[in-house]
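All remarks here apply to the structure that follows.
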Amino acid sequence: MVSKTVDLLKKDLPLEQGSLVLPQDVKTGLVLVDLINGFCTVGAGNLAPMKPDKQISDMVEESARLARLFCERKWPVFAFLDSHHPDIPEPPFPLHCIAGTDETRLVPALQWLENEPNATLRCKDCIDGFLGSIEKDGSNLFVDWVKNNQIKAILVVGICTDICVLDFVSSTLSARNRQILTPLEEVIVYSNACATFDLPVHVARNINGALAHPQDLMHHIGLYMAKSRGARTVSEVSFAAL
């Protein structure tokens, strides 16, 4: 039933995606959204997958591949890590990714970034990484990263396609349009390196207050909404020859 619904949705809301060849002459940054244990590692927390999930594992593998290639080229990488104070809830979600726990660490395939000089890591205490980058003095770590590296395009990957990825992309596009992020010109979402969680209807019915969240359906909606906000969506990414 879900697969039929997804097919109908894709027919009514078609999403054209091209391939991306990253040029050497355009400064591009990679943004990793919440590739942490608490969202990606089986059994790691309240919002982690309870069993192996192909969409999530494929996303992690492809994101790790890109991160390696960006760092080999000494291109800038920015990683958001969801991290919350235990006394500050984030409704409607249950307690998750408490600061200082293993849930907030990058997945094992990306933990090498913790010691990578080319990478900037940012703990965020809200869904939207752009807002989560605001410092107490009013400055914004992500904005500074774009400006200091003179980034003209960002490639966005991570989880969840329709939640943290979409919110960050939407805020970033608004900031770009207001010329807060000069010289940023393009926000690109890589669909095969994004993922979301799966909560089927029959499971959600047995959880008080839960909303059904079919994975493939919401993944498509997240990508569609990102494109409708002005992002470019691609299904393949490669690098121009050095």
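The values are calculated or read from the model by the stated rules, or taken from the named source; none is laboratory data. It should be emphasised that the depicted structure is a prediction, and the values quoted were computed from it without experimental measurement. As a convention, Cβ positions derive from the backbone with ideal geometry for all residues, glycine included, and neighbour counts pool all protein chains shown. Only protein heavy atoms, including side chains, enter the accessible area calculation; ligands, DNA and RNA are left aside. Shrake-Rupley method; radii C 1.70, N 1.55, O 1.52, S 1.80 Å.
Points to keep in mind about this one:
- Note on the range 16-35: residues that are surrounded by 16 or more Cβ atoms within 10 Å (Cβ to Cβ) and in contact with a Phe, Trp or Tyr (Cβ under 9 Å, 6 or more places away or on another chain) amount to 11.
- Across the range 161-176, the qualifying residues are those that are more than 9 Å from the chain's Cα centre (by Cα) and not charged (D, E, K, R), and the one among them that is most open to solvent (accessible area, probe 1.4 Å) is 174.
- Residue within the range 4-15 that is closer than 22 Å to residue 172 by Cβ, touching a Phe, Trp or Tyr at 6+ places or on another chain (Cβ under 9 Å) and part of a helix (DSSP H, G or I) present: no
- Condition met for residue 11 (under 20 Å from residue 195 (Cβ atoms), free of Cβ contacts under 8 Å to residues at least 60 places away in the same chain and over 15 Å from the mean Cα position of the chain (by Cα)): no
- Qualifying residue in the range 80-91 (condition: modelled with pLDDT of 95 or more and out of contact with any Asp or Glu (no Cβ under 8 Å at 6 or more places or on another chain)): no
- Note on the range 73-93: residues that are surrounded by 13 or more Cβ atoms within 10 Å (Cβ to Cβ) and either under 30 Å from residue 238 (Cβ atoms) or of a type outside the set (A, V, I, L, M, F, W, C) (or both) amount to 12.
- All told, residue 191 falls short of being small (Gly, Ala, Ser), in contact with a Leu (Cβ under 8 Å, 6 or more places away or on another chain), within 25 Å of residue 60 (Cβ to Cβ) and open to solvent by 30 Å² or more (accessible area, probe 1.4 Å).
- Condition check for residue 203: part of a strand (DSSP E or B), of a type in the set (A, V, I, L, M, F, W, C) and out of contact with any His (no Cβ under 8 Å at 6 or more places or on another chain): no
- Taken over the range 36-56, the criterion of being open to solvent by 40 Å² or more (accessible area, probe 1.4 Å), closer than 23 Å to residue 83 by Cβ, without any contact (Cβ under 8 Å) to a residue 60 or more places away in the chain and not aliphatic (A, V, I, L, M) is satisfied by 43, 46.
- Test set (1) under 23 Å from residue 4 (Cα atoms); (2) open to solvent by 50 Å² or more (accessible area, probe 1.4 Å); (3) polar (S, T, N, Q) - residue 179 fails condition number: (1)
- Scan of the range 59-94 for residues that are free of Cβ contacts under 8 Å to residues at least 40 places away in the same chain, closer than 18 Å to residue 123 by Cβ and either in contact with a strand residue (DSSP E or B) (Cβ under 6 Å, 6 or more places away or on another chain) or among the acidic types (Asp, Glu) (or both), ordered by number: 86, 87, 90
- Residue list for the range 18-51, filter: within 20 Å of residue 163 (Cα to Cα) and assigned to a loop (DSSP other than H, G, I, E, B): 34, 35, 41, 42, 44, 45, 46, 47, 48, 49, 50
- Residues in the range 122-146 that are closer than 16 Å to residue 77 by Cβ and open to solvent by 40 Å² or more (accessible area, probe 1.4 Å): 123, 141, 144.
- Residue match in the range 201-216 (condition: under 18 Å from residue 19 (Cα atoms) and either of a type in the set (A, V, I, L, M, F, W, C) or at pLDDT 90 or above (or both)): no
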